[in-house]
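Notes follow once the structure below has been shown.
The values are calculated or read from the model by the stated rules, or taken from the named source; none is laboratory data. Here the structure is a predicted model, which means the values were calculated and not measured. Here the Cβ positions follow ideal geometry from the backbone for every residue, glycine too, while neighbour counts run over all protein chains shown.
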Amino acid sequence: MEWFSIAKHGVGFDVTLILACLFTVIFIQYRSRTRLLNLIHEATTAIFLLEKDSGLVMDANQMAIQLLGIRRVGKRYFLPPLITPESLLMMIESAKKEPCQTWMVSELNCRQVNLVLNPTTVRKRKVWVVHAHPVSDFKKYSCLDRLPSHMAQTALDSLSELVFLKV
């Protein structure tokens, strides 16, 4: 505190300078947090924030809501009925080794998605930023119950093309 008395200006100037620096740091932190949330909401891929400890979805963009069946009710986000927060945390742990995971939207609708995980901190909570990309190679990654119907549909499509060309 000796440097207060050494300076030619008063103590009020020093306190004002310290408060200005403190408010600047708080403002920069607030802007970076809102910038992250804006990037998530405006992204064209499915992205959601998952709390590391509880497995609750903190935030999700529109693509994640459409692709993964996440529902927004008020300010909260809910997972599909077949996915519990505990099973989602286990899925995230296994996605560290094998990114391709089966996401059960409903009993009859399952999707293969690649989950890319990035740890970060949002609002003093440790979260995963999860990027979900649908797997487009259906023959390699498919739900077992949908594979026969997909093969039958492909066979009928090719048969109808051949019949159409011969007529």
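For the stretch 92-106, which residues satisfy the criterion of being out of contact with any Phe, Trp or Tyr (no Cβ under 7 Å at 6 or more places or on another chain) and of a type in the set (A, V, I, L, M)?
If the condition is that a residue be out of contact with any Phe, Trp or Tyr (no Cβ under 7 Å at 6 or more places or on another chain) and of a type in the set (A, V, I, L, M), then 95, 104, 105 are the ones that fit.
Restricting to the stretch 19-62, name every residue that is polar (S, T, N, Q) and over 19 Å from residue 74 (Cα atoms).
24, 29, 32, 34, 44, 45, 54
Specify which of the listed residues (22, 49, 67) is surrounded by 10 or more Cβ atoms within 10 Å (Cβ to Cβ), assigned by the TED database to the domain that holds residue 133 and assigned to a helix (DSSP H, G or I).
It is 67.
Report yes if residue 59 is touching a helix residue (DSSP H, G or I) at 6+ places or on another chain (Cβ under 9 Å), in a helix (DSSP H, G or I) and surrounded by 13 or more Cβ atoms within 10 Å (Cβ to Cβ), otherwise no.
So residue 59 does not fit the description; no.
Here's a check for you: in the stretch 53-91, which residue that is touching a Phe, Trp or Tyr at 6+ places or on another chain (Cβ under 7 Å) and small (Gly, Ala, Ser) is modelled with the highest pLDDT?
60
Hey, which of the strands (runs of 3 or more DSSP E) in the stretch 92-150, taking only ones fully inside, have at least 3 residues that are in contact with a Leu (Cβ under 7 Å, 6 or more places away or on another chain), modelled with pLDDT of 90 or more and crowded, with 16+ Cβ neighbours inside 10 Å?
Correct list: 125-134.
With the condition kept exactly as written, say whether any residue in the stretch 91-113 is under 16 Å from residue 64 (Cβ atoms) and touching a His at 6+ places or on another chain (Cβ under 8 Å).
yes
For residue 44, are the conditions met, namely being touching a helix residue (DSSP H, G or I) at 6+ places or on another chain (Cβ under 8 Å), among the hydroxyl-bearing types (Ser, Thr, Tyr) and assigned to a strand (DSSP E or B)? Even if it seems obvious, please write down each step before you answer.
Working: touching a helix residue (DSSP H, G or I) at 6+ places or on another chain (Cβ under 8 Å): yes; among the hydroxyl-bearing types (Ser, Thr, Tyr): yes; assigned to a strand (DSSP E or B): no.
Spelling it out, it is not the case that residue 44 is touching a helix residue (DSSP H, G or I) at 6+ places or on another chain (Cβ under 8 Å), among the hydroxyl-bearing types (Ser, Thr, Tyr) and assigned to a strand (DSSP E or B).
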